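J.: Below is the structure I would like to discuss, written out as structure tokens.
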Amino acid sequence: MKVLFATSEAHPLAKTGGLADVSGALPAALRDLGVDARVLMPGYPAALEKADDLTRILRIRLPEHGEIGLLQGRFPGDGAPVYFIEHAGYYARKGLYQDAAAHDWPDNAMRFGLLSQFAAWLAGPGSPLDFKPDVLHCNDWQTGLAPAYLRYEAARPTPTVFTVHNLAYQGIFPPDVLKPLGLPPESFSIDGVEYYGNISFLKAGLYYASRLTTVSPSYAGEIQTEACGMGLHGLLAARSQELTGILNGIDLREWDPAHDPHLPAPYSADKLDGKLANKRALQDELGLGPDAHAPLLGMVSRLTQQKGSDVVVEAVPQLIELGAQFTVLGSGEIELENAWSRLAAAHPGRIAVKIGYDEGLAHRIEAGADIFLMPSRFEPCGLNQMYSQRYGTPPVVHRVGGLADTVTHASPENLASGAATGFVIDRLDRASLVDAVHRAMALYRQPRAWEKLMRSAMARDFGWAGRAQQYLDVYEKIRT
Ligand code: ADP
């Protein structure tokens, strides 16, 4: 089985969120199963710098895009092969999708149209490569046009899988980009790329791909409803027989508290004492009071409405009054960033806010916090709640999407049976959140019960192996 995996970001080469984690880990897990999985992504200069064994394999000129190079390399450390599209005008910028002021780049249609076009070309019959994929696996709107290109350019299109990592980002552009993107006029139809008079890359993927997947079983069901389908529930429901929810895994080597180079002290379920050393070091690093008994609540997240960050802002003053300390690492909507900064200024030593992106600190918060907060409004899968369980930091989550699928609520029965791994709220509002965290803090103050909860969380298997097999099953179904 040969699979070309097209993506706009892949850890550790380029990352803004969970898509990168999946794109870094899933191809490697597929390779462990014997699949020849290779990645295609934009050649952002920072990504090229990190790749190993880089060679240029061709140069071409396309009238609408100009000069383009194709490079081949590997993920660092002898990882999966990766093809990079080199285009200085498109990809040599600081932000992947947006400028520093969080405005989308105005030429995103062309930047990711080119990625889609290359994915279709390299997976299709006209590919210049020796590598002939059985399946093209596309991810999110940035690669959504690839199945459309294949449909119009190849008599027998290579089968495609389109994975929705987040339905909220749809890649919507005015209809006049159809021509420069090289799509035929007939594709601009409700049975095609058109979406209420515009072009939607995401809808194109959902419409043209042979199979659809999304990143958790619950989210697969939710997006077929009007409430969560973001205008696409009709199409998704019509294709429900071809839509599968496959939970994301996590990279167990990268996220392992016993061997994590970002942590000051290693620990494991058998040797939990190191966790307290991580808490002390984190309090010190963030300027929080050196209080070993205050439950330290942590959050690592894009600061957006999706992540429920606004509800946490409302709840935090009450949680501080109940004796907690709080830290958040993230960036996003400017009003939320400001609200967090104001809270930190009002509660020095008790609330620490880091606006920005910091891989190492993300690991140290997962390890040093006692309780992790992730009350997303909607959550396709979510990774941080899995990292936090693996790090013995039980999460408080909202019962949606992948959060519902990966956290077992600490009800009395689940606590007694040892199944509980965190706290799950059914409604997302300040009162429910305060109540759940309050209960978590009460349990935290019973060390034996809390250790049992930590150990159950740490024992959960979030590895990729089983999940990669589920993707392979989907590929096998469509392979011609
Ligand atoms: P999403 O993809 O919706 O942002 P996920 O939970 O699926 O959310 O994945 C987020 C990923 O990005 C995780 O690996 C998380 O640790 C990381 N992350 C998010 N914000 C930051 C940040 N400010 N600094 C470091 N890592 C971050």
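J.: Classify region 364-472 as rounded, prolate or oblate from the Cα gyration tensor: take a ≥ b ≥ c as the square roots of its eigenvalues, call it rounded if a/c is under 1.5, otherwise prolate when a/b beats b/c and oblate if not. Kindly include the intermediate steps, with their values, before the conclusion.
T.: On the way: a/c = 1.70, a/b = 1.27, b/c = 1.34.
Verdict is oblate for region 364-472.
J.: Could I ask something else about it? With labels modelled as points extended 7 Å from the Cα through the Cβ direction, what inter-label distance (nm, one decimal) is found for residue 470 paired with residue 429?
T.: 3.3
J.: Compute the orientation-averaged projected area for region 132-260 from the convex hull of its Cα atoms and round it to one decimal in nm².
T.: For region 132-260, averaging the hull's shadow over all directions gives 10.1 nm².
J.: Just the accessible area per residue of the chain, please: how many Å² with a 1.4 Å probe?
T.: 39
J.: DSSP beta bridges in region 1-87, what fraction antiparallel, as a percent rounded to 5? Walk me through the numbers before you get to the answer.
T.: Values: 15 of 24 bridges.
Just about 60 percent of them are antiparallel.
J.: Okay, moving on. Between region 269-316 and region 431-479, how many Å separate their Cα centres?
T.: 18
J.: Provide the FRET efficiency to the nearest 0.05 for the residue 100-residue 262 pair, computing r from the beta carbons and using R0 = 41 Å.
T.: For R0 = 41 Å, the calculated efficiency reads 0.95.
J.: From the square roots a ≥ b ≥ c of the eigenvalues of the alpha-carbon gyration tensor of region 354-426, which class results: rounded (a/c under 1.5), prolate (a/b over b/c), or oblate? Before the final figure, lay out each step's value.
T.: On the way: a/c = 2.46, a/b = 1.47, b/c = 1.67.
Here region 354-426 falls in the oblate category.
J.: Between residue 253 and residue 131, 0.36 nm times their residue separation minus their Cα-Cα distance comes to what?
T.: Fully extending the segment from residue 253 to residue 131 adds 41.0 nm.
J.: If you don't mind, there's one more thing I want to ask. Where the Cα atoms of region 187-251 are projected onto their three principal axes, how long is each span, largest first, in whole Å?
T.: Taking max minus min along each principal axis of the Cα atoms, region 187-251 gives 38, 25, 21 Å.
J.: I need two numbers for region 273-458: Rg to one decimal and Dmax as a whole number, Cα atoms only, in Å.
T.: Using the Cα atoms of region 273-458, the pair Rg, Dmax is 14.8, 44 Å.
J.: Based on DSSP, what percent of beta bridges with both residues in region 62-169 are antiparallel, to the nearest 5?
T.: About 65 percent, rounded to the nearest 5.
J.: Just the Cα atoms of region 46-125, one point each, no solvent: what log10 I(q)/I(0) does Debye give at q = 0.12, 0.18, 0.20, 0.21 Å⁻¹?
T.: Reported log10 I(q)/I(0), two decimals: -0.39, -0.85, -1.01, -1.08.
J.: Now, a different point. Determine, for each peptide in 44-54, 114-124, the mean count of other beta carbons within 10 angstrom over its residues, then list the peptides with the highest first.
T.: On the way: 44-54: 15.5, 114-124: 26.1.
Those peptides, ordered most packed to least, come out 114-124, 44-54.
J.: Starting from the amide H of residue 352, placed 1.01 Å from N in the peptide plane, find each other amide H under 5 Å away whose residue is 5 or more places distant or on another chain.
T.: 326, 327, 328
J.: Against the longest principal axis of the chain, how steep is helix 274-286, in degrees 0 to 90 to the nearest 10, with axes from Cα atoms?
T.: 80
J.: Another one. How much of the accessible area of region 273-458, probe 1.4 Å, is carbon plus sulfur, in whole percent? Provide the component values of the computation, followed by the final result.
T.: Details: 3540 of 6780 Å².
Carbon and sulfur atoms account for 52 percent of the accessible area of region 273-458.
J.: What order, most packed first, do the peptides 316-322, 421-427 have when packing is the mean number of other Cβ atoms within 10 Å of each residue?
T.: 421-427, 316-322
J.: Order of 406-412, 25-31, 223-229 by packing, highest average Cβ count within 10 Å first?
T.: Ranked by mean Cβ neighbours within 10 Å, highest first: 25-31, 406-412, 223-229.
J.: Testing the spin-label approximation: label points 7 Å from Cα along Cα→Cβ at residue 345 and residue 270. State their distance in nm.
T.: Calculated label separation equals 5.0 nm.
J.: Further question: Report, in cubic angstrom per residue, the convex hull volume of the C-alpha atoms of the chain.
T.: Looking at the chain, the number lands at 140 Å³ per residue.
J.: A further question on this structure: Let me know the charge dipole size of the chain about its Cα centre in debye, to the nearest 20, where only the beta-carbon of Lys, Arg (+1) and Asp, Glu (-1) is charged. Working shown, then result.
T.: Numbers: 44 positive and 54 negative charges, 94 e Å.
The dipole of the chain has a size of about 460 debye.
J.: Now for a separate question. Out of all DSSP beta bridges in the chain, what portion is antiparallel? Express it as a percent rounded to 5.
T.: Expressed as a percentage, antiparallel bridges in the chain total about 30.
J.: What does the convex hull of the Cα atoms come to per residue for region 325-388, in Å³?
T.: About 99 Å³ per residue, rounded to a whole number.
J.: Let me ask something else. Note the per residue figure in Å³ for the convex hull of the C-alpha positions in region 1-76.
T.: Spread over its residues, the Cα hull of region 1-76 gives 105 Å³ apiece.
J.: Sort 271, 132, 307 by heavy-atom solvent-accessible area, probe 1.4 angstrom, most to least.
T.: 271, 132, 307
J.: Work out from phi, with θ = phi - 60° and the Karplus expression 6.51 cos²θ - 1.76 cosθ + 1.60, the ³J(HN,Hα) of each residue of region 313-325, listed in order in whole Hz, and give x for Gly and Pro.
T.: 4, 5, 7, 4, x, 5, 5, 5, 4, 7, x, 7, 10
The values are calculated or read from the model by the stated rules, or taken from the named source; none is laboratory data. Every value quoted in this text rests on a predicted model; they were computed, and no experiment measured them. Reconstructed Cβ throughout: ideal geometry from the backbone, glycine too, with neighbour counts over all protein chains shown. Heads up: the accessible areas ignore ligands, DNA and RNA and are worked out on the full protein's heavy atoms, side chains in. Shrake-Rupley method; radii C 1.70, N 1.55, O 1.52, S 1.80 Å.
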